[in-house]
Amino acid sequence: MMNYSNTILESNLRVNPAGIKDKVHVFAPATVANMICGFDILGFAVDYPGDEVIMYRVENPGVRIRSIVGDEGRLPLDADKNTVSACVKMLLIDLGMEKEIGVEIELIKHMPIGSGLGSSSASTVAGLFAINELLGRPLTKAELMPYCVEGERLACGHGHADNVAPALMGGITLIRGHEPLDIIKLPVPEELYAGIVFPKVDVPTRDARKLIKEKVLLKDAVTQWGNIAGLMAGLYEADYSLISRSMKDVLIEPTRAILIPEFYEMRRIAEEVGVLSFGISGSGPSVVAISRGKEGAEQVVERIQEHLTNCDIESFKYVSAVNLNGPRVV
Ligand code: HSE
């Protein structure tokens, strides 16, 4: 984390040994990355689902994983290989505290891995938020962000921030630039709801990224940046009609939709109910219906789940407003 070393060294001076806690329990939210038209640059957090980290201070220095629940045995318990512990360790090293502080981590996952809901981001953010709380909050959220992005790089091979930014900051975030990170919190129109359905098939982000074309047609790029700009204006004005017209993806969805069973039928259902927008959540396979008010989102997820059940596809559904605050101490 060389780029941030100066900031971190200053933060080290803010650790008050008397303020270090014995235990913290943190929840961090799932996120809908891309927000349909903003591949790698837009995302929002939801209230539910999310992941939890319980972090204990122990005498023996170092970072260890005590247990992981809800991952179907898929995540490594080795603290150097697990993204959450690796990021916590990275932070302690940068603070110069790895030889004096010992922590053990319990990770409780409430959402599937490879679901398109920012599963790894929620865990990483929960872990980094927890160590910062345990140490008496030496770092600001902005200072924690580079560690979260590093976690994303470890988890899927690419350091995009469109999941970790909303998971840490809450609300809707725009990643104006990645190098250096330039994150802008956008206004959240009050009546915006997300209805999410996760069809239980595994689509690892790493694979879903490989599918995407490196080059795009200029006419498609023009359509897409018109939509992104329209969405920005719509959010600032709370103009739901403009939000609806703008949340369309001509660049990524046509390629990724093939990985998602029943995608176009799910879209047809969403259009029949009449929501603002429908598309892929993150890299999929979860899909998201954006509605004005809770009812539309509820109807869409209900009907989509019914359809998937008829097709013998197991699924999970969630309805949530936009989460405004990001992680919280439980
Ligand atoms: N922007 C990322 C993608 C989000 O679409 O690949 C998934 O982590």
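Considering only LYS317, LYS89, LYS21, give the residue with the highest GNM mean-square fluctuation for the chain, with springs between Cα atoms whenever their separation is below 10 Å. Result: LYS21 has the largest fluctuation of those listed.
Overall, the accessible surface of the chain at a probe of 1.4 angstrom is composed of carbon and sulfur to the extent of 52 percent.
Please compute the net charge surrounding ILE93, taking Lys and Arg as +1 and Asp and Glu as -1 over other residues with Cβ under 14 Å from its Cβ. Can you show the working numbers first?
Numbers: positive: LYS89, LYS99; negative: ASP80, ASP94, GLU98, GLU100, GLU150.
Surrounding charge for ILE93 is -3.
With bins 20 Å wide beginning at 0, the percent of Cα pairs of the chain falling in each bin runs 34, 55, 12, 0. Normalised by the number of residues in the range 153-222, the average gap of Cα pairs under 8 Å and 6 or more apart makes the relative contact order 20 percent.
Packing here is the average count of other Cβ atoms within 10 Å per residue, and on that basis the peptides 191-198, 258-265, highest first, run 191-198, 258-265.
Roll a 1.4 Å probe over the protein chains and send me the accessible area per residue for the range 33-121 in Å². Provide the component values of the computation, followed by the final result.
Numbers: 3340 Å² over 89 residues.
Heavy-atom accessible area per residue stands at 38 Å².
For the range 167-213 and the range 55-69, what is the separation of their C-alpha centers, rounded to whole Å? So the separation of the two Cα centres works out to 30 Å. Count charges around LEU251 for me, please; just the other residues with Cβ under 9 Å from its Cβ, Lys/Arg as +1, Asp/Glu as -1. Surrounding charge for LEU251 is -2. Remark: relative contact order (the range 192-321) = 42 percent; criterion is Cα-Cα distance under 8 angstrom and separation of 6 or more residues. Positive contributions from Lys and Arg (+1) and negative ones from Asp and Glu (-1), summed over other residues with Cβ under 10 Å from the Cβ of CYS37, come out at -1. Solvent-accessible surface of the range 252-321, taken per residue with a 1.4 Å probe and all protein chains present: 43 Å².
For the cross-link pairs LYS81/LYS210; LYS81/LYS294; LYS23/LYS99; LYS213/LYS317; LYS109/LYS248, the ones whose C-alpha atoms lie over 28 Å apart are LYS81/LYS294; LYS213/LYS317; LYS109/LYS248.
Output the relative contact order of the range 5-185, whole-number percent, from Cα pairs under 8 angstrom with separation of 6+ residues. Numbers along the way, then the final one.
Working: 397 pairs, mean separation 54.0, N = 181.
Taking the mean separation of contacting Cα pairs over the length of the range 5-185, I get 30 percent.
Projecting the Cα atoms of ILE260, SER283, PHE198 onto the dipole axis of the chain, where Lys and Arg carry +1 and Asp and Glu carry -1 at the beta carbon, places SER283 farthest toward the positive end.
The values are calculated or read from the model by the stated rules, or taken from the named source; none is laboratory data. Given the structure is predicted, the values throughout are model-derived calculations rather than measurements. For neighbour counting, all protein chains shown are included, and Cβ atoms are generated from backbone atoms with ideal geometry for every residue, glycine included. Areas reflect the complete protein model, heavy atoms only, side chains present, ligands, DNA and RNA absent. Shrake-Rupley method; radii C 1.70, N 1.55, O 1.52, S 1.80 Å.
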